[in-house]
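Below you'll find the structure, written out as structure tokens, and then a few comments.
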Amino acid sequence: MMKKPYLIFVLLLLTACTSISKQLVEVGGEASCVKFEVQDQNGETIDLPESVKQSLDCITGAVQISPDSRYLLYDSGFKLNLYDFSNQKTEHLYTFDNTVEGISCIWHKSGIKIACATIDQQNYEGNTKITLIDFQNNDIKEFSQTYEQMLDFVCGASCYPGDFWFEGENFIKYNGHNIIAPGEVFEIRY
């Protein structure tokens, strides 16, 4: 027969190992700047360090929570950062070119890979680039698109990359530019 203190210990351990579901919620903004906060599954605001809060006050590009709710990915200026909810530490992952006009990032379902699409109409041959970051293995790969195979994007006060996604374990796919390659889907093998 199992003793109650042991059962309580096991339940507490399981609760501690289970990640609390988190979501990004838009709470304001102006022009091309959106303000976010992180909330738990009950809609309660999760307290974050002041530097992370300040970055979430004006997001113009990348902001995502990992599939397992362990990490918050966000850009601060041209720096891509990763905040770990479990140890409350921030790690700098990558620095984008300071001429980038738009950034968007997505998570791989594994939770250890991130792909970011960036737009730079003045300095990139095909105006777009996709960067793959495997932060568990400290591996970064950059893939520039040609003009004929550039990623779709829209620009106004800021630029916004179009749809791109992970396909399986070895591919990133993306929609071709709506004017140059409408309806085409391109792939990058990594």
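The values are calculated or read from the model by the stated rules, or taken from the named source; none is laboratory data. Every value quoted in this text rests on a predicted model; they were computed, and no experiment measured them. Cβ coordinates were reconstructed from backbone atoms using ideal geometry, including for glycine residues, and neighbour counts include every protein chain displayed.
Annotation note: Cβ proximity below 6 Å between a residue of the stretch 26-55 that is of a type in the set (Ser, Thr, Tyr) and a residue that is part of a loop (DSSP other than H, G, I, E, B) and surrounded by 11 or more Cβ atoms within 10 Å (Cβ to Cβ) (sequence gap 6+ or interchain) occurs for Ser32/Thr60; Ser32/Ser158.
Within the stretch 130-141, is even one residue at pLDDT below 95, touching a Ser or Thr at 6+ places or on another chain (Cβ under 8 Å) and over 25 Å from Val34 (Cβ atoms)? No, that holds for no residue.
Under the condition of being in contact (Cβ under 8 Å) with a residue 40 or more places away in the chain and within 15 Å of Trp107 (Cα to Cα), which residue from the stretch 73-88 is surrounded by the most Cβ atoms within 10 Å (Cβ to Cβ)? Selected residue: Leu80. Just give me the residues in the stretch 97-113 being over 21 Å from Gln149 (Cβ atoms) and in contact with a Phe, Trp or Tyr (Cβ under 6 Å, 6 or more places away or on another chain), in sequence order. Asn98, His108, listed by residue number. Every listed requirement among (1) surrounded by fewer than 19 Cβ atoms within 10 Å (Cβ to Cβ); (2) within 10 Å of the chain's Cα centre (by Cα); (3) β-branched (Val, Ile, Thr) is met by Ile103 save one, (1). Considered as a group, the residues in the stretch 159-190 that are out of contact with any Asp or Glu (no Cβ under 8 Å at 6 or more places or on another chain) and assigned to a strand (DSSP E or B) include one that is farthest from Glu148 (Cα to Cα), and that residue is Phe166. Restricting the stretch 155-190 to residues that are in contact with a strand residue (DSSP E or B) (Cβ under 8 Å, 6 or more places away or on another chain), of a type in the set (A, V, I, L, M, F, W, C) and without any contact (Cβ under 8 Å) to a residue 24 or more places away in the chain, the residue that is nearest to Glu101 (Cα to Cα) is Val185. Per the conditions (1) assigned to a loop (DSSP other than H, G, I, E, B); (2) touching a residue at least 40 places away in the same chain (Cβ under 8 Å); (3) in contact with a Cys (Cβ under 9 Å, 6 or more places away or on another chain), the sole criterion not satisfied by Lys109 is (3). The set of residues in the stretch 141-154 being outside any strand (DSSP E or B) and either in contact with a Cys (Cβ under 9 Å, 6 or more places away or on another chain) or over 18 Å from Phe96 (Cβ atoms) (or both) consists of Thr146, Tyr147, Glu148, Gln149, Asp152.
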